[in-house]
Every structure is written in C-alpha cells, then in structure tokens.
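Asker: I'd like to ask some things about the structure below.
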Amino acid sequence: MTVRNWLTKLLNSSNKVEQAFYVSERDKGDYNNLHVHMLIGTNTDMTYQEVKYGMGNVSVGDYQPIYDSEAVCKYVTKHIGKDVDYDIVFKS
C-alpha cells in the first residue's frame, strides 16, 4: 500500500501530475527487499523536489526525464508476470 499512498499524495498535491504507473520489484541482492520504478505522466516538467515532496518527502533515488519511451518501458516492465505489484493510477 505504501506506493499507492505515495501516488495518491502526489496526484492530490500536484496540478502537474495526470497519471502514474509503478512496478515494485525484488532487489537482486536481497529477495526480501523491494524497490519501485515509476513513470509519472505530467502536463509540464517537474523538478526532483516537486516529486519528492509531492509524495510526502520520500527519498527518490534516480529521477530523470524520459527521452526514449520504448527503452524505459521495457526496463520498467521487465518483471511483470513474475510476482510483482504494479498499477496505473489517474487523476480523478
């Protein structure tokens, strides 16, 4: 539920975010730990700080604009079908 809570906060606190897709996947080094990949659809650019504080001051490890949508989609979805949690959420 944590990731969904982050995204609910982000969608409610930002007028820039229109939708988001996330995938939680197992860490390679420790199968008991998870990390999250998010694709955030916005109507304009957002800064690292806006994303971080929009989710409730969550630490954001790697943040960057997407220039190759096909490559990033392949990377983010590589574990779908392998016991991972994923969802897409839209601004209501």
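Asker: I'd like the full set of residues that are surrounded by fewer than 16 Cβ atoms within 10 Å (Cβ to Cβ) and touching a residue at least 40 places away in the same chain (Cβ under 8 Å), limited to the stretch 54-68.
Answerer: Hit for the stretch 54-68 is 56, nothing else.
Asker: A further question on this structure: Inspect all residues belonging to the stretch 23-30 and state whether any of them is at pLDDT below 95, among the small types (Gly, Ala, Ser) and closer than 14 Å to residue 85 by Cα.
Answerer: Scanning the stretch 23-30, I find at least one residue that is at pLDDT below 95, among the small types (Gly, Ala, Ser) and closer than 14 Å to residue 85 by Cα, so the answer is yes.
Asker: Can you go through 60, 51, 89, 3 and tell me which one is in a strand (DSSP E or B) and of a type in the set (A, V, I, L, M)?
Answerer: 89
Asker: Going by what's in this entry, would residue 46 be described as buried (at least 16 other Cβ atoms within 10 Å of the Cβ), free of Cβ contacts under 8 Å to residues at least 40 places away in the same chain and part of a loop (DSSP other than H, G, I, E, B)?
Answerer: Spelling it out, residue 46 is indeed buried (at least 16 other Cβ atoms within 10 Å of the Cβ), free of Cβ contacts under 8 Å to residues at least 40 places away in the same chain and part of a loop (DSSP other than H, G, I, E, B).
Asker: Let me confirm something: among 91, 82, 74, which residue is of a type in the set (Lys, Arg), over 24 Å from residue 27 (Cβ atoms) and over 12 Å from the mean Cα position of the chain (by Cα)?
Answerer: Going through 91, 82, 74 in turn, the sole match is 91.
Asker: Another question, then. Give the stretch 6-35 a look and list any residue that's outside any loop (DSSP other than H, G, I, E, B), open to solvent by less than 50 Å² (accessible area, probe 1.4 Å) and out of contact with any Leu (no Cβ under 6 Å at 6 or more places or on another chain), or say none.
Answerer: Passing the criteria: 7, 10, 11, 22, 23, 25.
The values are calculated or read from the model by the stated rules, or taken from the named source; none is laboratory data. Small disclaimer: the values here were computed from a predicted structure and weren't measured. Cβ atoms come from the backbone with ideal geometry, glycine included; neighbour counts cover every protein chain shown. Side chains included, ligands, DNA and RNA excluded: accessible areas come from the protein's heavy atoms. Shrake-Rupley method; radii C 1.70, N 1.55, O 1.52, S 1.80 Å.
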